[in-house]
1. For segment 163-226, which strands (runs of 3 or more DSSP E) that fit wholly inside it have 2 or more residues that are open to solvent by 50 Å² or more (accessible area, probe 1.4 Å) and of a type outside the set (A, V, I, L, M, F, W, C)?
2. Name the residues in segment 89-118 that are closer than 24 Å to M164 by Cβ and touching a strand residue (DSSP E or B) at 6+ places or on another chain (Cβ under 7 Å), would you?
3. For the list (1) open to solvent by 60 Å² or more (accessible area, probe 1.4 Å); (2) part of a loop (DSSP other than H, G, I, E, B); (3) modelled with pLDDT of 90 or more; (4) not basic (K, R), I need the number of the one condition that S13 fails.
4. When you go through (1) part of a helix (DSSP H, G or I); (2) open to solvent by 30 Å² or more (accessible area, probe 1.4 Å) one by one for T156, which number turns out not to apply?
5. Say we look at segment 82-137 and pick out the residues that are hydroxyl-bearing (S, T, Y) and assigned to a helix (DSSP H, G or I); which of these is nearest to the chain's Cα centre (by Cα)?
6. Within segment 47-73, can you find the residues that are exposed (fewer than 12 other Cβ atoms within 10 Å of the Cβ) and of a type in the set (D, E, K, R)?
7. Could you grab me the full set of residues in segment 141-153 that are of a type outside the set (A, V, I, L, M, F, W, C), in a loop (DSSP other than H, G, I, E, B) and without any contact (Cβ under 8 Å) to a residue 40 or more places away in the chain?
Amino acid sequence: MCKGNYNFPTGNSTQPIQGAMIVMDSKKGEIVGLIGGRNIKQERTLNRTKTLRQPGSTFKPLAVYTLALEEGYEPNSTLVDEKRSYGPEKYTPENWNHQNKGTVTMTEALSLSWNAPAVWLLDQLGLKKGVEKVHQFGISTVPEDEYLGIALGGLTKGVSPMEMASAYTTFANKGVRAKGRFVTKIVDATGAVIVDNTTPQTNKVTSESVADKMTSMLLTVYAPGG
């Protein structure tokens, strides 16, 4: 449980920085822990575990890299890292340091959160396929989301921490996504079952092999120098 300001950065304004966290059983989807913001029990503030926000680079494994592995790319496959414009709108993604290396491996692109190669890769794979893969991860979209910026989490309405936690169970659960759930069963005083949610709701998103490769790539984010 978060206490006071200990787990939050100070920020640069009078508005305190907020955050939310979901801890979910990757096989069953059961919520085993959560925090929706600063001192939420005392202040009864907004529970941010269900509010919609832009997911940013956490969306890249869902919209791009899982699909790439399914299509035959490998973690060490070479991607183009150049400043390019796409489509009639001239969408031009840039890396966070405003620099480009020319080429990078897919693992490096993920580990160091490069934007340009992720968008280039989705363009190669096909935007429609990327959107369909996002839907398989349990995340809905609107027509306005169907542009290459979805590779970087550019969603019109955003996504909740609950939805993202559920999507990421796929990698820990051998390619099978578990839908998050707070309640497993409700029984009234007479013993009648009011709600029976004991059976996990799951769907197969990808293969066990792809899930293993994706997990290995994600772990490089925490590797020394990553």
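1. Filter on segment 163-226 gives 202-204.
2. M106, A109, W114, A116, P117
3. Looking at each condition in turn, S13 falls short on (3).
4. (1) is the only condition that T156 fails.
5. S111
6. Passing the criteria: none in range.
7. T141, E146
The values are calculated or read from the model by the stated rules, or taken from the named source; none is laboratory data. Fair warning: this is a prediction, and the values are worked out from it, not measured in the lab. Positions of Cβ are generated from backbone atoms using ideal geometry, with glycine treated the same way; all protein chains shown enter the neighbour counts. Areas reflect the complete protein model, heavy atoms only, side chains present, ligands, DNA and RNA absent. Shrake-Rupley method; radii C 1.70, N 1.55, O 1.52, S 1.80 Å.
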